[in-house]
Amino acid sequence: MQNLRDKIKKFFSPKGKNGSFFKRNFRIIAASILLVVLVAVLVYSVAVDSGRLRKMGKIEAGKANIENFEFDKEFIKDKKLNKKIKNLMNKYFEGYATADIDEMKEVATPVSGDEGNYIKFITSDYESFDNIKVYVKNGLTEGSYFVSVYYGLKFKNVDATVPGLEFFYLETDNKGKLYINNLYSSYNFSKNENAMDKTIYDLISKYEKQDDVAALRKDTETAYNKALAKDKDLAIAVTKIKDKIKEWSKKTEAAEEKAAKERAEKEKAKKEKAAKEKAEKEKAKKEKADKEKDKKKTEEKKSSEKKDDKSTEKKTENKQSDTVKVKGTGILVRDRAGTEGSQLVGSVDAGEYKKLGQEGDYILIQFTDDRGAHTGYINKQFVEN
């Protein structure tokens, strides 16, 4: 560190006007440079540690990157962890052998109703799972594990056991309890009953291709074949189980086909009902529109008739107001409204005359005599109301 300090001092101590500034502030500048160096070292250390965690699979849930994930080179040898996982698997297989689904659910979730029925169906001749061994590798997230479980399946009334190998994906819940994530059970892998996380699914496929896992599977197959060849009763028991699995498959396939048919019929009925309801709605809508249209036409017709009536009334009123009915005989007609300064233009007898206007008590009319057509004013007292 002293060499680094000397180099920094030499670098920041040039001759000249600026040299005094660097000389005066050397301790501050040098301390800053050293701090940067230390921060860089710390960042590098964290990066290395993060890389180690990725390789171990210990990455926070939701932040895992499958591209950077690396499987453990060998199975974990941590005795405490292996014992913990073995105890969990013992409980699982005890429940499985006796078809005690509730006991299985204590360590595995989810266990569907269909899987529970399957286990109850095929395990009637099971007695126990013996000689359980676990082979463990770190999983994708902190507290998760890829686990291969070797066991010897013991049938009722058969002395020998048949070797088997099963895969499990274990996780740790938020209370620190280890459990089997049963989404990745062999049953769900074959039936695809519940959706699986694609990242974990892909990693399980890669896990199965690991050399040590493949070797473990091969050794189990060899032991399986030897056991069946050696014990006739064991071979018969295994064949019986295979037949039961086939029977279950046919049974479930028939049930699934029936369910699919029922779903199709329900969907068809649903669509037909929807189409019928749609047609009825459209019909009702059309009928409503037609009624509104007819109503509008009726209203327009009434309105038109009303207008015609008003027009007729107006014409009648106009006609009535355009004429006056004079009563009496020899009614004097003047050239002006009133008696003062007006001249007589003629006289009229009782009858109907055209009204041209009105000024006060005098009405301007048009009349005809032997001299021709004339206009003049008559007092309204001579006009009938």
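The values are calculated or read from the model by the stated rules, or taken from the named source; none is laboratory data. On a predicted model such as this, the values are computed, not experimentally measured, just so you know. When we count neighbours, we look across all protein chains shown, and the Cβ atoms used for this are built from the backbone with ideal geometry, even at glycine.
General remarks:
- With respect to being in the same structural domain as Glu193 (by TED's automatic domain parsing), surrounded by 10 or more Cβ atoms within 10 Å (Cβ to Cβ) and assigned to a helix (DSSP H, G or I), Lys218 fits the description.
- Lys133 meets each of the listed conditions (1) surrounded by fewer than 19 Cβ atoms within 10 Å (Cβ to Cβ); (2) out of contact with any Lys or Arg (no Cβ under 8 Å at 6 or more places or on another chain) apart from (2).
- Condition met for Lys79 (closer than 15 Å to Val136 by Cα and modelled with pLDDT of 50 or more): yes
- Flag for Ser186 being under 20 Å from Asn90 (Cα atoms), of a type in the set (Gly, Ala, Ser) and at pLDDT below 95: yes
- Pairs linking a residue in the range 76-92 that is closer than 16 Å to Lys105 by Cα to a residue that is in a helix (DSSP H, G or I), with Cβ atoms under 7 Å and 6 or more positions apart or on different chains, are Lys91/Glu103; Tyr92/Met104.
- Residue check: Ile101 meets all listed conditions (1) buried (at least 16 other Cβ atoms within 10 Å of the Cβ); (2) in contact (Cβ under 8 Å) with a residue 24 or more places away in the chain but one, namely (2).
- Residues located in the range 332-349, provided they are within 18 Å of Glu384 (Cβ to Cβ) and surrounded by fewer than 14 Cβ atoms within 10 Å (Cβ to Cβ): Asp349
- Those residues of the range 200-259 which are closer than 30 Å to Thr141 by Cα, touching a Phe, Trp or Tyr at 6+ places or on another chain (Cβ under 9 Å) and in contact (Cβ under 8 Å) with a residue 60 or more places away in the chain, in sequence order: Ile200, Leu203, Lys206, Tyr207, Gln210, Asp212, Val213, Leu216, Thr220
- Elements of type strands (runs of 3 or more DSSP E) contained in the range 293-385, each with 1 or more residues being at pLDDT 85 or above and at positive phi: 344-348, 351-359, 372-379
- From the list Asn138, Asn182, Asn117, the one residue that fits, being touching a Pro at 6+ places or on another chain (Cβ under 9 Å) and in the same structural domain as Lys226 (by TED's automatic domain parsing), is Asn182.
- The range 137-154, residues that are out of contact with any Ser or Thr (no Cβ under 8 Å at 6 or more places or on another chain) and of a type in the set (A, V, I, L, M): Val147, Val149
- Test: residue in the range 136-152 that is surrounded by fewer than 16 Cβ atoms within 10 Å (Cβ to Cβ), of a type outside the set (S, T, N, Q) and touching a Gly at 6+ places or on another chain (Cβ under 6 Å): no
- Residues in the range 133-186 that are of a type in the set (Ser, Thr, Tyr) and touching a helix residue (DSSP H, G or I) at 6+ places or on another chain (Cβ under 8 Å): Tyr135, Tyr145, Ser148, Tyr150, Tyr151, Thr161, Tyr169, Tyr179, Tyr184, Ser185.
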